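Bear in mind these aren't lab numbers, they're just calculated from the coordinates by the rules spelled out. The model shown is predicted, which means the values in this text are computed figures rather than measured ones. Virtual Cβ from ideal backbone geometry, glycine too; neighbours counted across all protein chains shown.
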Amino acid sequence: MSLSRQHMLAETRRHFFAKGAMGLGTAALAGLDAENASGMATGEVPEFLRQYAPKARRAVWLFMAGAPCQQDTFDYKPKMDDWYDKDLPESVRNGQRLTTMTSKQKRFPIAPSKFKFARHGESGTWVSELLPYTAKMMDDLCVIRSMHTEAINHDPAITYICTGHQLPGRPSLGSWLSYGLGAENRELPSFMVMTPSWSGRQTAQALYNRLWGAGFLPSRYSGVGLRREGDPVLYLSNPDGVSDTARRRMLDRLAKMNQQTLDSVGDPETQARIVQYEMAFRMQTSMPELMSIQGEPKSVLEMYGPEVTQPGTFAASCLLARRMLERDVRFVQLFHRGWDQHGNVAKSLPAQCKDIDQPSWGLVHDLKSRGLLDDTLVIWGGEFGRTVYCQGKLSRDNYGRDHHPRCFSIWMAGAGIKPGTVYGATDDFSYNITENPVHIHDLNATILQQLGINHERLTYRFQGRDFRLTDVHGEVVTDILA
């Protein structure tokens, strides 16, 4: 789209929303004025997007990048013990596409989980011994065992679930929320991202900042990523010899020049630049306060586990996520890498689970104790599942698992999600869904609904068509809603 065309559209929307009684403009596109876009509180879902009363004011997604083994964590398959080292029946595989990592294998021997399972909570949900803390909160969670996707490799699959399309270039979920709902905290970004350290396989799949990028939306809706070491955000601190007063004067002059450019050219990115400079200035005060955990009681720190005081760990990131959420950051996303267990499940998977188990429980428990879980949506899961057959050498004590998009497990909690439930089912091989399939578009539609948004109405016109997070798909999973 040409800059002049974008300028005309911006002017049209500005006039429309200034005069209209309904529409995105009152909240979501109050962002057309630079001050509001930089984070003025909006407080409620725009009427144009509303179809249901929002249950959530904020959300946090604990993303397990690399794909956890569902049959070693939440999808208990005891009958597989009798199938040890027997070939996966073709009637089960049914010609499914395989990755190049196992498609040339002469055999597809079944690898039963080596880990013990037990029922937990009043719900009696089966959980692996690898997740003892998660097991303690099963009555607060809804486990979905019937997730599925079309993508079979990591980058397309993560891009797909985060942006609604396997190819890069579209806005992420957090960016859509920032665009549609605005911000409730003027001092912090509405969408923040952390990429904590991990203990499993260190040669993990790369993560790209487009996973939390704004795509074709104005760049001010991008997620702000925090670094694990040093300053949480680069270039946030003043250079040596530059005072806050001098920086303020410089930004004021720069804003005037950028405003002149915006008035003459109409490039939305010029507007985004004004907004981002102002946000960065406010973050010089808000970020140090956010990052300091000195005032956290010992009892709270202990909830998250012994690594909570080590910057950059998953535990420390979960505590920071709670601090962001209670400060009304709209959407927080943690990407925990290392779940790609093509081999050595016996060593790598327990290490990964230990990283996230107590901190995840600590986050949910902390939110609940503060009364925040009622209006905070928590999501845990990866981009696809893993095969029941072994990749590489198989023994009773160790094995590997390849990518498997046909079924995988996630859990959700809070904000109107039905607690203590299990939704969906898979066959005895955890290979095919037998009950209540949930596509990733359905998941995103449900997340948007809990935040009060009709996923079919949250759109942005680009290259001649209206785009949305759920593309032309997606059905809200009403059965998991309380």
- With R₀ set to 51 angstrom, the calculated FRET efficiency between the beta-carbons of residue 243 and residue 481, to the nearest 0.05, is 0.45
- Note on the structure: Using alpha carbon centers only, the range 233-286 is separated from the range 425-481 by a whole-angstrom value of 38
- Task: Just need the Rg to Rh number for the chain, please, alpha carbons only, Kirkwood Rh.
- Result: 0.99
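Between residue 228 and residue 327, how high is the FRET efficiency from 1/(1 + (r/R0)^6) when r is the Cβ-Cβ distance and R₀ = 22 Å? Nearest 0.05. Display every interim value, and only then the final one.
Numbers: r = 20 Å, r/R0 = 0.93.
Here the calculated transfer efficiency is 0.60.
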- Task: Scan the chain and report its longest stretch carrying no GluC sites (Glu not before Pro) that are both in a DSSP loop and have at most 10 other Cβ atoms within 10 Å.
- Result: 230-482
- Task: Report, in whole Å, the centroid distance computed from the Cα atoms of the range 124-184 and the range 321-335.
- Result: 16
- Which value, in debye to the nearest 20, gives the size of the charge dipole of the chain about its Cα centre, when Lys and Arg are +1 and Asp and Glu are -1 at the Cβ? 700
- Between residue 428 and residue 254, what FRET efficiency follows from the Cβ-Cβ distance if R0 is 51 Å, with the result rounded to 0.05? 0.20
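When the chain is fully extended, how far beyond the present Cα-Cα distance does residue 79 get from residue 206, taking 0.36 nm per residue of separation?
Going from the current span to full extension adds 42.2 nm.
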- Using Cα positions and a limit of under 17 Å, work out the aspartates and glutamates in reach of residue 354, with same-chain residues fewer than 8 apart set aside. 72, 129, 302, 307, 340
- Message: Could you list 77, 136 so that the one with the fewest beta carbons within 10 Å of its beta carbon is first and the one with the most is last?
- Response: 136, 77
- Normalising by the residue count of the chain, find the relative contact order in percent from Cα pairs under 8 Å and 6+ residues apart. 28
- With only Lys, Arg, Asp and Glu charged, each at its Cβ (+1 for the first two, -1 for the last two), find how big the charge dipole of the range 246-314 is about the Cα centre; round to the nearest 20 debye. 420
- Distance histogram in 5 Å bins (all Cα pairs of the range 424-464, percent per bin): 6, 19, 17, 16, 14, 12, 7, 7, 2, 0
- Message: Using a 10 Å cut-off around each Cβ, can you sort 263, 140, 428 from fewest to most neighbouring Cβ atoms?
- Response: 263, 428, 140
- Rounded, prolate or oblate: which fits the range 93-177 when a ≥ b ≥ c are the square roots of the eigenvalues of the alpha-carbon gyration tensor, with rounded for a/c under 1.5 and prolate only if a/b beats b/c? oblate
